[in-house]
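Reading through the structure tokens given below for one structure.
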Amino acid sequence: MTHTNKINEIFVSLQGEGFHTGTAAVFVRFSGCNLACAFCDTNHHPFTLMSDEEIADAVAKHSVDWVILTGGEPSLQASEHLIELLHRNGKKVAIETNGTHELPKNIDWVTVSPKVWDKTIVNQADELKLVFTGEDVEPWRGKINASHWFLQPCSCKNTADTVQYILNHPHWRLSLQTHKYIGIE
């Protein structure tokens, strides 16, 4: 039986957030999420059913090295088989996840952007990227082991507060949604 995924869109752009900001990538945006965050910028209703092979073929048409699995929540659908197909096409694969489900083991870069403390089960990541809404975020540093720690203003609206928090807690780095600032997808 062929594994199918609900895909919102596949597009090429620059990574606008976190460690790889400014890097060209193919974004595979999955439709559907297990959380309902008020600030989410994904419309989960339109989607196309695509097999792992169809996704890999669509991504292979682009010459960039990185593929970013995003959503929605990609861990609800992304499989090790899909990652292997992307690797066979010479791609490096990153995932942006809320951390509430197990991840395929063969992912190259994990970004955890947790939203709910008691539902987050992923505790190891390359980067932790928190949407900052003004609360104390220090407990997340003890829950998720990451190499890089980013705070991101919520919908570009509380940048000054985010900067002040980082000045008081300099182990965090600022992550801006640069794609929104420069007007790209």
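For this structure, a couple of remarks:
- Of the residues ASN5, ASN145, LEU130, the one whose Cα sits farthest toward the positive end of the charge dipole of the chain, with +1 on the Cβ of Lys and Arg and -1 on the Cβ of Asp and Glu, is LEU130.
- FRET efficiency for the ALA60 to HIS3 pair, using the beta carbon distance and R₀ = 30 Å, is estimated at 0.95.
- Contact order, relative form, for the chain: 18 percent (alpha carbon pairs under 8 Å, 6 or more residues apart, mean separation divided by residue count).
- Each of GLU54, GLU17 has some number of other Cβ atoms within 10 Å of its Cβ, and from fewest to most they run GLU54, GLU17.
- Listed by Cβ neighbour count within 10 Å, with the fewest neighbours leading, SER51, SER113, SER75 appear as SER51, SER113, SER75.
- Inter-probe distance in nm under a simple model that places probes 7 Å from Cα toward Cβ, at GLU135 and GLU84: 3.9
- 14 Å beta-carbon shell around SER63, net charge (K/R +1, D/E -1): +2
- Where labels lie 7 Å past Cα in the beta-carbon direction, separation of CYS156 and LEU174 in nm: 1.5
- Computed helical MRE - 222 nm, the chain, DSSP H runs ≥ 4 contributing -39500 (n - 2.57), nearest 500: -5500 deg cm²/dmol
- Exposure proxy for ILE144, ILE166: other Cβ atoms within 10 Å of each Cβ, ordered fewest to most, give ILE166, ILE144.
- Other residues whose C-beta falls under 13 angstrom from the C-beta of VAL93 contribute a net charge of -3, scoring Lys and Arg +1 and Asp and Glu -1.
- Placing unit charges on the Cβ atoms only, positive for Lys and Arg and negative for Asp and Glu, gives the range 4-178 a dipole magnitude near 180 debye about its Cα centre.
- Shape analysis of the range 4-178 based on the Cα gyration tensor places the equivalent ellipsoid semi-axes at 27, 16, 16 Å, largest first.
Any read-out appearing in this document is the output of simple, stated calculations on the displayed coordinates, not a laboratory observation. Just so it is clear, the structure is predicted and the values come from calculations on it, not from any experiment. As a convention, Cβ positions derive from the backbone with ideal geometry for all residues, glycine included, and neighbour counts pool all protein chains shown.
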